[in-house]
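Just so it is clear, none of the values below were taken in a lab; they were calculated from the coordinates. Remember, predicted model here, so these are calculated numbers, not experimental data. No Cβ is skipped: glycine too gets one built from the backbone with ideal geometry, and neighbour counts run over all protein chains shown.
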Amino acid sequence: MIKAAIVGATGYAGQELLRLLLRHPEVEVVSIGSRTYDGQKMEDVYPLYKHVTKDICKNRTIEELSSIADVIFLALPHGVASGKINDQILDKCKIIDLGADFRLKDLDIYEKWYKTEHHGRSLINKSVYGLCELHRDEIKKAQLIGNPGCYTTCSILSLAPLVKNHLIQKDSIIIDAKSGVTGAGRNAQLPYMFCECTESVKPYKVGCHRHTPEIEQELSLLNGESLKVLFTPNLVPMNRGISALCYATLNDAGKKYSENELNALYHDFYKDEYFIRILDDRIPDTKWVKGSNFCDIAIKVDHRTNRAIVIGAIDNLFKGAAGQAIQNMNIMFGLPEKTGIDLITDYPV
């Protein structure tokens, strides 16, 4: 059995991790970590755990956990994890960081966008960006994973085949993405209260969202040279889910492809990926990925404007956070990737 610990288990992503790990056939959860709820039963924080676990939240250090766990999941705000991990810890256990600290390879860019100092510069070259469908071979050998952001997961997977095959103008990418309110975390900030966000759709962090450089980093790697994207997130009044509507101008190579041929290209690119579903005859809808690790993608072509339009949908707490973290763990420990996360959405919900 893999001994797993969660730090930050009482946030939305941490709770989703616990829910999934408790049903994972190859995992024993050895620690539920929370600073805010230190000493309280998890069932008192989230009543859904009554009759499921009697475990108590404990505010253990990463050093303590590294002696009892094979893998530690960090569900912490940015700027925290980089100061808590060192080589001695990585010699004893694997780390999967759901925060942003080990996603970006250029730490000057990290510090510019996140406006905080990075305390783990010596470790950044040891970290692997944990987008499983694109970095599987590196993940297998990794001790430290930077689990991708939710917007980035949906956007990168949606655009990867076009970028990798050089079918679009590299500086023409526009991403208009919508997220449920859980993407903001479990807090009592006024903008995320029910009366403030219901019956409304609101763009936020326009032109300055921190997932922008993450998307650019991974698409630039696929493209073979640097590119820029225009990324705008929107808050929509639902609990969970992300829909990313991506636009890009087709270049001369891309013009040679019909919509059916681009669909075929996507099917081929993701032919061995269980969690990627290419939709030929409908548009991705967040209700069909909710509570699952699937990413649904459809591609359309607007010949009038010579643009490709790619639509992606994921559950921000599952494929965009906890599910992908467990997919990474499965790869790292040589387990079948679907283990413990082969769920489909409940419907109707």
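In this model, which of LYS3/LYS141; LYS92/LYS319; LYS205/LYS290; LYS94/LYS141 are farther than 21 Å apart at the alpha-carbon? Write down the numbers at each step before the final one.
On the way: LYS3/LYS141 18 Å; LYS92/LYS319 27 Å; LYS205/LYS290 25 Å; LYS94/LYS141 10 Å.
Where the Cα-Cα span goes over 21 Å, the pairs concerned are LYS92/LYS319; LYS205/LYS290.
For a straight C-alpha distance cut-off of 12 angstrom, the aspartates and glutamates reachable from LYS271 (same-chain residues fewer than eight places away being disregarded) are GLU133. GNM, the chain, Cα, under 10 Å: largest mean-square fluctuation among LYS115, LYS164, LYS58? Ranking LYS115, LYS164, LYS58 by mean-square fluctuation puts LYS115 first. Annotation: extensible slack from THR339 through ILE68 equals 95.3 nm (criterion: 0.36 nm per residue apart, minus Cα-Cα distance).
Bridging of LYS300 to aspartates and glutamates at a Cα separation below 18 Å is possible for ASP176, ASP252, GLU259, GLU261, ASP268, ASP280, ASP281, ASP285, once same-chain residues fewer than 8 apart are set aside.
Rounded to the nearest 20 debye, what is the charge dipole size of the range 151-316 about its Cα centre when +1 sits on each Lys and Arg Cβ and -1 on each Asp and Glu Cβ? Kindly include the intermediate steps, with their values, before the conclusion.
Working: 19 positive and 20 negative charges, 70 e Å.
Magnitude of the dipole: close to 340 debye.
Among LYS126, LYS178, LYS140, the order by Cβ neighbours within 10 angstrom, fewest to most, reads LYS140, LYS126, LYS178.
Among GLU216, GLU43, what is the fewest-to-most ranking by other Cβ atoms within 10 Å? Working shown, then result.
Values: GLU216 21, GLU43 16.
With the fewest neighbours first, GLU216, GLU43 line up as GLU43, GLU216.
On full extension, the segment bounded by LYS271 and ILE174 gains 32.3 nm, given 0.36 nm per residue less the C-alpha separation. With the simple model of a label 7 Å out from the Cα in the direction of the Cβ, LYS41 to VAL80 spans 2.5 nm.
Summed over qualifying helices (DSSP H, 4 residues or more, each -39500 (n - 2.57)) and divided by its residue number, the chain shows a 222 nm mean residue ellipticity of -7500 deg cm²/dmol. Exposure proxy shown here: for CYS150, CYS208, the number of other Cβ atoms within 10 Å sets the order, fewest to most, as CYS208, CYS150. Stretching the chain fully between ILE309 and ASP285 yields a gain of 7.1 nm (0.36 nm per residue, less the alpha carbon separation). For the pair GLU117 and GLN88, label points projected 7 Å from Cα toward Cβ lie 2.1 nm apart. Our note on the geometry: Cα centres of the range 57-125 and the range 277-349, 26 Å apart. Within the range 150-185, find all residues whose amide N lies under 11 Å from a label point positioned 7 Å from the Cα of LEU230 along Cα-to-beta-carbon. Once the point is set 7 Å along Cα→Cβ of LEU230, 172-176 turn out to lie under 11 Å by backbone N, inside the range 150-185.
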